[in-house]
Amino acid sequence: MKRKPQISVIGDSNPPLEVLQWAEEVGRLVAENDGVIICGGLGGVMAAAARGAAEAGGLTIGILPSYDASTASTSIAVTIATGMGHARNAVVVASGDAVIALPGSYGTLSEVALALTLGKPVISVKAWKDVRGVEATDSPAAAVALALAAAHRLQQ
């Protein structure tokens, strides 16, 4: 059985509405292309990406910082309660075949750095353009296309 592409989505936990819309579109497009969304499982970009994927019939996985699975966004189908706090960021990015980074703060930057250290393709949506190794795009659709292409290359 061929494994579905796993796309990690990272970004701010309290972003502006426009970024939430981008995240939801990312989730929807990944699901429509038979991909799996992996995220931190909580609010903001994580919840929006999971919501977009769930509404499109996709699978969503939340890597939670606490031991409490009930803290997950309601759009998360599979919860992984790590009890690792911010260290769970390494699990989020390591679990994806590619990482889509939306605007965020230090937590997101740490995930970008971890993903690049692990050799994961990192594609951004209107963010992280000055970080060496990040492929910057101007739209969710472009980011998803690049992430899925990278995931498919890894599976061959």
- [ ] Go through region 114-131 and count every residue that is out of contact with any Leu (no Cβ under 7 Å at 6 or more places or on another chain) and either closer than 16 Å to Trp22 by Cβ or touching a residue at least 12 places away in the same chain (Cβ under 8 Å) (or both).
- [x] 11
- [ ] Return the pairs, sorted by first residue and then second, in which the second residue is of a type in the set (Gly, Ala, Ser) and surrounded by fewer than 15 Cβ atoms within 10 Å (Cβ to Cβ), the first residue lies in region 1-30 and is free of Cβ contacts under 8 Å to residues at least 24 places away in the same chain and at negative phi, the beta carbons are less than 9 Å apart, and the residues are 6+ apart or on different chains.
- [x] none
Open item on the list: Among (1) buried (at least 22 other Cβ atoms within 10 Å of the Cβ); (2) more than 14 Å from the chain's Cα centre (by Cα); (3) among the hydroxyl-bearing types (Ser, Thr, Tyr), there is one condition Thr82 misses while meeting the rest; what is its number?
Closed with: (1)
Task: Subset of region 8-33 [among the acidic types (Asp, Glu) and under 13 Å from the mean Cα position of the chain (by Cα)] - done: Asp12, Glu24, Glu25
- [ ] Hey, can you tell me all the residues within region 33-60 that are free of Cβ contacts under 8 Å to residues at least 60 places away in the same chain and either of a type in the set (Phe, Trp, Tyr) or under 14 Å from Ala143 (Cα atoms) (or both)?
- [x] Ile37, Ala49
Task: Candidate set: region 97-136, residues that are within 26 Å of Arg3 (Cα to Cα) and among the charged types (D, E, K, R); chosen: the one surrounded by the fewest Cβ atoms within 10 Å (Cβ to Cβ) - done: Glu135
TODO: Return the pairs, sorted by first residue and then second, in which the second residue is in a loop (DSSP other than H, G, I, E, B) and crowded, with 16+ Cβ neighbours inside 10 Å, the first residue lies in region 85-106 and is without any contact (Cβ under 8 Å) to a residue 24 or more places away in the chain, the beta carbons are less than 7 Å apart, and the residues are 6+ apart or on different chains.
DONE: Gly85/Pro65
TODO: Within region 61-71, identify whether any single residue is touching an Asp or Glu at 6+ places or on another chain (Cβ under 7 Å), over 29 Å from Gln156 (Cα atoms), touching a residue at least 24 places away in the same chain (Cβ under 8 Å) and aliphatic (A, V, I, L, M), and answer yes or no.
DONE: no
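Taken together, the values in this text are just the output of simple stated rules run on the coordinates, not laboratory data. Computed from a predicted model, the values in this text were never measured in an experiment. Every residue, glycine as well, gets a Cβ built from its backbone with ideal geometry; the counts of neighbours run over all protein chains shown.
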